[in-house]
Amino acid sequence: MSGKITRKNPLTMPRPVGNYTHITKIPKEADLFVTSGQIGVDMEGEIPSEINNQVKNTFINIKKVLDSEELKSENIIKVNIWATEPIDWDFLYNEWEKLFGKEYPAMTIGYLSQLGLPELKIEIEIWGAKL
């Protein structure tokens, strides 16, 4: 199916355990976009101490970086989420749905002891493709 980004959950596999897609196919004529990990810093350079406030700011920053290239939900092909403490998934998915709706790309989630700055609790990297 050339000319369209497609998402699929093969029937031969277990269903996704969260809001993601097992595989995303990108046509060879698409432009690829990769963001740096977006964090919960605000325009004044402040990083809130609470993870949900960092999530909220992170999605504001994701929207801004994607808007700079006119990327929408259908262009998102992969998301990597890194966190240093448990994620409130209801809150994160609510922020996701406000920005992208219920279209979910391939996704990886990892918990680690520390991110690039000690006050960071979450970082989200977005991969996109546009025809």
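The values are calculated or read from the model by the stated rules, or taken from the named source; none is laboratory data. Model, not experiment: these values are computed from the prediction. So basically every Cβ, Gly included, is an ideal-geometry build from the backbone, and we count neighbours across all protein chains shown. To get the accessible areas, we keep the full protein, side chains included, count just its heavy atoms, and leave off ligands, DNA and RNA. Shrake-Rupley method; radii C 1.70, N 1.55, O 1.52, S 1.80 Å.
Give region 14-49 a look and list any residue that's within 13 Å of A106 (Cβ to Cβ) and either open to solvent by 40 Å² or more (accessible area, probe 1.4 Å) or among the aliphatic types (A, V, I, L, M) (or both), or say none.
Of everything in region 14-49, those that are within 13 Å of A106 (Cβ to Cβ) and either open to solvent by 40 Å² or more (accessible area, probe 1.4 Å) or among the aliphatic types (A, V, I, L, M) (or both) turn out to be N19, Y20, H22, I23, K25, I26.
Only one of the numbered conditions (1) closer than 19 Å to T24 by Cα; (2) without any contact (Cβ under 8 Å) to a residue 12 or more places away in the chain; (3) among the hydrophobic types (A, V, I, L, M, F, W, C) is not met by M43, and that is (1).
For residues in region 50-59 being within 12 Å of the chain's Cα centre (by Cα) and not hydroxyl-bearing (S, T, Y), which is farthest from I109 (Cα to Cα)?
As a first pass, look at region 50-59 and keep what is within 12 Å of the chain's Cα centre (by Cα): 55, 58-59.
If we keep only those that are not hydroxyl-bearing (S, T, Y) as well, we get 55, 59.
On the way: V55: 14, F59: 16 Å.
The qualifying residue farthest from I109 (Cα to Cα) is F59.
When restricted to residues that are touching a Lys or Arg at 6+ places or on another chain (Cβ under 7 Å), of a type in the set (A, V, I, L, M, F, W, C) and more than 13 Å from W127 (Cβ to Cβ), region 1-34 contains 1. Restricting region 61-73 to residues that are within 13 Å of the chain's Cα centre (by Cα) and not in a helix (DSSP H, G or I) leaves a set whose member that is surrounded by the most Cβ atoms within 10 Å (Cβ to Cβ) is L71. A Cβ distance below 7 Å, combined with a sequence gap of six or more or placement on separate chains, defines the contacts here; from region 108-128, residues that are farther than 18 Å from N53 by Cα and without any contact (Cβ under 8 Å) to a residue 60 or more places away in the chain reach residues that are among the aromatic types (F, W, Y) and part of a strand (DSSP E or B) in the pairs G110/W82; L112/W82.
Restricted to region 50-59, and to residues that are part of a helix (DSSP H, G or I) and not basic (K, R), which residue is surrounded by the fewest Cβ atoms within 10 Å (Cβ to Cβ)?
Looking only at region 50-59, we keep the residues that are part of a helix (DSSP H, G or I), and these are 51-59.
Those left that are additionally not basic (K, R): 51-55, 57-59.
Working: I51: 21, N52: 18, N53: 15, Q54: 22, V55: 24, N57: 21, T58: 24, F59: 20.
Among them, the one singled out is N53.
Screening T84, T21 for residues that are of a type outside the set (K, R), modelled with pLDDT of 95 or more and out of contact with any Asp or Glu (no Cβ under 8 Å at 6 or more places or on another chain) leaves exactly one candidate, T84. Candidates in region 74-131 are the residues that are farther than 28 Å from E46 by Cβ and not in a strand (DSSP E or B); of these, the one that is most open to solvent (accessible area, probe 1.4 Å) is K102.
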